[in-house]
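*Asks:* Below are the structure tokens for one structure; questions will follow.
No value in this document is a laboratory result; all are computed from the given coordinates. Keep in mind it's a predicted model, so treat the numbers as computed, not measured. As a convention, Cβ positions derive from the backbone with ideal geometry for all residues, glycine included, and neighbour counts pool all protein chains shown.
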Amino acid sequence: MTDPDLSCTIAGVRFPLCIMNASGALCVTREELEALGRSGAGAIVTKSMTVEFRKGNPEPRYYPFSGGSINSMGLPNLGYQTYAELIPALKAFKKPVIASIAGLCEEDFPEIARAISKAGPDLIEVNLSCPNIPGKPQIGYDFDASERLIRKVRAVVDRPMGVKLPPYFDPAHHAAMADVLKRAPVDFLSLINSVGNALVIDPEKESVVIKPKGGFGGLGGSVIKAVALANVRAFWKAFDGRIPIIGVGGVTSGTDVFEHLLAGASAVQVGTALVEEGTGVFDRLAAELRAVLAKKSYPSSSAVVGRLKEL
Ligand code: RRO
């Protein structure tokens, strides 16, 4: 059999590989974004951008451990105007560019969205789920605010747009957000952001491991894979498979990618594993996924999407 096809199409945009970086992971500076461009990644996703440049939270603010990572970066980024200037050069790498936008208040989002849309990214990912700004709750847990914000952004962009959601832990919350997204439609979903406000402890030092917020931060990596898969599956079902989903959470092997595809993701993003391994992770994951698909006689990654069996 010929090599399985690992490309995908999301909101009309073709990705040469269904594996890319998660926003936040090695994608803040021009150098990092260009390295993603040169790498095997199927797309270049920017760090979530705010109106102004931000240094972010005090260090240490990222800590890897055996099962994953905890972070409280606090939105360090160059500010949207700089990313708007960078986008044309990033498009020269001939793979989709996804601009991730955030904000410190509701009005920031349309301001950034309007300008960044003009810069011509292939897709816009609206981050409704940053857990790490002291005093600012994750927007995605406020369904009315999320709906207002999606409408405001939609009105000013002429690019396909999606939302990056926080993990939900109850079917009532999956249903409530799905209802929001049926009233205020988006073109794709990125599921999930880190599991917010977790606490990792170093028992030897009898200490927290990151400085901001008394050690509380967003959990990523293998330990959140089951939560990510549940959210991919819940939204896949809520939309009868009719909305493209990018699965994010716990991808460290080709088999993890395969599980996200089964749950209903068309593509995946990689955060902790990228930070820990560097940009070579994309070629490794692609080779491993190809091997899984070939062994199971799947012709392509897209043939797997949503095919999870229930008992
Ligand atoms: O910068 C961060 O602290 C951060 C963001 Br904006 C986010 O969306 N998710 C995360 O885990 N960290």
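*Asks:* Scan the stretch 108-153 residue by residue and report those that are among the polar types (S, T, N, Q) and either over 24 Å from residue 21 (Cβ atoms) or part of a helix (DSSP H, G or I) (or both).
*Replies:* If the condition is that a residue be among the polar types (S, T, N, Q) and either over 24 Å from residue 21 (Cβ atoms) or part of a helix (DSSP H, G or I) (or both), then 117, 146 are the ones that fit.
*Asks:* Just to verify a result, which residue in the stretch 265-285, among those that are of a type in the set (A, V, I, L, M) and part of a strand (DSSP E or B), is nearest to residue 9 (Cα to Cα)?
*Replies:* Applying the filter and picking the extreme gives 267.
*Asks:* So for the stretch 180-189 (the condition being among the aromatic types (Phe, Trp, Tyr) and in a strand (DSSP E or B)), does at least one residue qualify?
*Replies:* yes
Yes/no per residue for (1) within 16 Å of the ligand (Cβ to nearest atom); (2) not polar (S, T, N, Q):
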| position | (1), (2) |
| --- | --- |
| 218 | yes, yes |
| 230 | no, yes |
| 235 | no, yes |
| 249 | yes, yes |
| 253 | no, no |
| 268 | no, yes |
| 280 | no, yes |
| 283 | no, yes |
| 296 | no, yes |
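*Asks:* Of everything in the stretch 63-83, what is within 19 Å of residue 213 (Cα to Cα) and among the aliphatic types (A, V, I, L, M)? Give them in sequence order.
*Replies:* Within the stretch 63-83, 70, 73, 75 meet the criteria.
*Asks:* Do we find a residue being surrounded by fewer than 19 Cβ atoms within 10 Å (Cβ to Cβ) and away from the ligand (no atom under 15 Å from the Cβ) anywhere in the stretch 133-143?
*Replies:* There is at least one residue in the stretch 133-143 that is surrounded by fewer than 19 Cβ atoms within 10 Å (Cβ to Cβ) and away from the ligand (no atom under 15 Å from the Cβ).
*Asks:* Another one. Here's a check for you: in the stretch 89-107, which residue that is within 19 Å of residue 25 (Cα to Cα) and in a loop (DSSP other than H, G, I, E, B) is nearest to the chain's Cα centre (by Cα)?
*Replies:* Restricting to residues being within 19 Å of residue 25 (Cα to Cα) and in a loop (DSSP other than H, G, I, E, B), the top hit is 102.
Yes/no per residue for (1) aliphatic (A, V, I, L, M); (2) buried (at least 22 other Cβ atoms within 10 Å of the Cβ):
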{"position": "229", "(1), (2)": "yes, yes"}
{"position": "240", "(1), (2)": "no, no"}
{"position": "254", "(1), (2)": "no, no"}
{"position": "260", "(1), (2)": "no, yes"}
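*Asks:* Go through the stretch 188-213 residue by residue and tally those that are surrounded by fewer than 19 Cβ atoms within 10 Å (Cβ to Cβ) and farther than 21 Å from residue 24 by Cα.
*Replies:* 7
*Asks:* Okay, moving on. Can you confirm whether residue 196 is under 17 Å from the mean Cα position of the chain (by Cα), assigned to a strand (DSSP E or B) and free of Cβ contacts under 8 Å to residues at least 60 places away in the same chain?
*Replies:* Judged against the criteria, residue 196 is not a match.
*Asks:* Mind checking which residues of the stretch 213-231 are part of a helix (DSSP H, G or I) and in contact with an Asp or Glu (Cβ under 9 Å, 6 or more places away or on another chain)?
*Replies:* Answer for the stretch 213-231, where residues must be part of a helix (DSSP H, G or I) and in contact with an Asp or Glu (Cβ under 9 Å, 6 or more places away or on another chain): 222, 225, 229.
*Asks:* Mind counting the residues in the stretch 157-168 that are in a loop (DSSP other than H, G, I, E, B) and either under 20 Å from the mean Cα position of the chain (by Cα) or crowded, with 17+ Cβ neighbours inside 10 Å (or both)?
*Replies:* Within the stretch 157-168, residues that are in a loop (DSSP other than H, G, I, E, B) and either under 20 Å from the mean Cα position of the chain (by Cα) or crowded, with 17+ Cβ neighbours inside 10 Å (or both) number 6.
*Asks:* Also, quick follow-up: Name the single residue that is farthest from residue 209 (Cα to Cα) among those in the stretch 34-62 being of a type in the set (A, V, I, L, M) and within 16 Å of the ligand (Cβ to nearest atom).
*Replies:* Among those residues, the one meeting the criterion is 51.
Residue-by-condition table, conditions (1) under 26 Å from residue 57 (Cα atoms); (2) touching a His at 6+ places or on another chain (Cβ under 7 Å):
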{"residue": "202", "(1), (2)": "yes, no"}
{"residue": "209", "(1), (2)": "yes, no"}
{"residue": "229", "(1), (2)": "no, yes"}
{"residue": "234", "(1), (2)": "no, yes"}
{"residue": "259", "(1), (2)": "no, no"}
{"residue": "268", "(1), (2)": "no, yes"}
{"residue": "301", "(1), (2)": "no, no"}
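*Asks:* If I filter the stretch 103-121 for residues that are surrounded by fewer than 24 Cβ atoms within 10 Å (Cβ to Cβ), within 13 Å of the ligand (Cβ to nearest atom) and of a type outside the set (Val, Ile, Thr), do I get at least one hit?
*Replies:* yes
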